[in-house]
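Just below is one structure, and these are the notes that go with it.
The values are calculated or read from the model by the stated rules, or taken from the named source; none is laboratory data. These numbers come from a predicted model, not from an experiment. With ideal geometry, Cβ positions are generated from the backbone for all residues, glycine too; neighbour counts draw on all protein chains shown. With ligands, DNA and RNA removed, areas are computed over all heavy atoms of the protein, side chains included. Shrake-Rupley method; radii C 1.70, N 1.55, O 1.52, S 1.80 Å.
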Amino acid sequence: MIRISKALLPVPPALQTAGLAEKKVLEAAYDAGTRSFIFKKNIYADKDVKNALIAVQHYKCCFCESKIGHIDDGDVEHFRPKAASRQAAGAPFIQPGYYWLAYHWDNLFLACARCNQRHKGNLFPLQTPGTRALSHLHSIEEEDPLFIHPEHDDPAAHLTFDNENIIPFHNSERGRATIEGLRLDRTELTQHRAEMLSVVKSLQDVIAIFPDDEPALWQEAVRILQLQQQLHTLEDHQYAGMFRAYFSKHPAPGSTA
Ligand SMILES: [Zn+2]
């Protein structure tokens, strides 16, 4: 997970027009006693919304950083669940959800189906459950969410990587909740991260064993490793969060992490 910045992008037109109008409809319905709502996917997952998220997230899941585009279009994920929320897996549903944020740009991200559908779903735990905003009449500013927000929070402050540098490790209670809730330590992910990191580790092994009388080969291996470090830590690269954590501990010779 790395920080995502949507701040420089204009809010997609569908959210500003139809989304804003629908928000008013939902709020009026709540005021009239409705507690269960129907949402319009053609607004929150409008092609302009999705394309903007794809551009800013480089087709990566906002949580696990897997590239989505080559196998799937990805889901438009609501950070605060729109229909109902849950404090923990298996806990009762809390209705309504954050219906007034269903079309809010700040609440939308691109996520893979595994993170969004299988693991996150309606989960949205708070450190203090009593502060949960239950309607548009409450303020989400009073809440203290446990999940790391991909834009408002810096994931690097909560997550690093351990155990051969492929398994997420938490630096905070929020980091722990995010790893556990979204299963960011699931086997399929750690295997894929390990495969990608193995190329870098092999280069470092080569550099470590080159004899002193072959400086040209050593320098070439170092040059390639430096390039790998530059490439893998870019925001558009898969698992940049893991590679940034790894290279901060094991920088290529002559580079600054
Ligand atoms: Zn994911």
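When all alpha carbon pairs of the range 58-102 are counted in 5 Å bins from zero, the resulting P(r) reads 5, 20, 19, 15, 17, 16, 7, 1 %. Per residue, the chain exposes an accessible area of 50 Å² to a 1.4 Å probe, with every protein chain left in place.
The value for the chain of Rg(Cα) / (2.2 N^0.38 Å) is 1.16.
Within the chain, which whole H helices from DSSP have a Cα span along their axis of at least 18 Å and a mean Kyte-Doolittle hydropathy of -1.0 or more, if any? Flagged H segments are 187-209, 215-232. Place a point 7 Å from Cα of L234 in the direction of its Cβ. Which residues in the range 40-62 have their backbone N less than 16 Å from it? Those under the cut-off are 55-60. Here the chain has 54 percent of its accessible surface on carbon and sulfur atoms, given a 1.4 Å probe and all protein chains in place. Looking at the range 187-249, the pairs of alpha carbons with a distance over 14 Å make up 60% of the total. Once backbone amide H atoms are built at 1.01 Å from N, L126 has L146 as its partners under 5 Å, excluding neighbours fewer than 5 places away on the same chain. Inter-label distance, V25 to A89: 3.6 nm, where each label sits 7 Å from its Cα along the C-beta direction. Extension gain for R3 to D73 (0.36 nm times residue separation, less C-alpha to C-alpha distance): 23.1 nm. The aspartates and glutamates whose alpha-carbon is closer than 16 Å to the alpha-carbon of K249, local same-chain residues fewer than 8 away aside, are D162, E164, D205. Taking 0.36 nm per residue of separation and subtracting the current Cα-Cα distance, fully stretching the chain between L217 and A32 would add 59.1 nm.
Can you give the FRET efficiency to the nearest 0.05 for H138 and E195, using r as the Cβ-Cβ distance and R₀ = 35 Å? Calculated value: 0.15.
Taking a ≥ b ≥ c as the square roots of the Cα gyration tensor eigenvalues, with a/c under 1.5 meaning rounded and otherwise prolate when a/b beats b/c, else oblate, which class fits the range 149-224? It comes out prolate by the Cα gyration axes. Over 22 Å apart at the Cα level, from the set K6/K60; K67/K120; K40/K60; K23/K47; K24/K82, are K40/K60. Ranked by the mean number of other Cβ atoms within 10 Å per residue, highest first, peptides 238-249, 178-189 order as 238-249, 178-189.
With only Cα atoms counted, the range 1-115 has Rg and Dmax values of 14.7, 45 Å.
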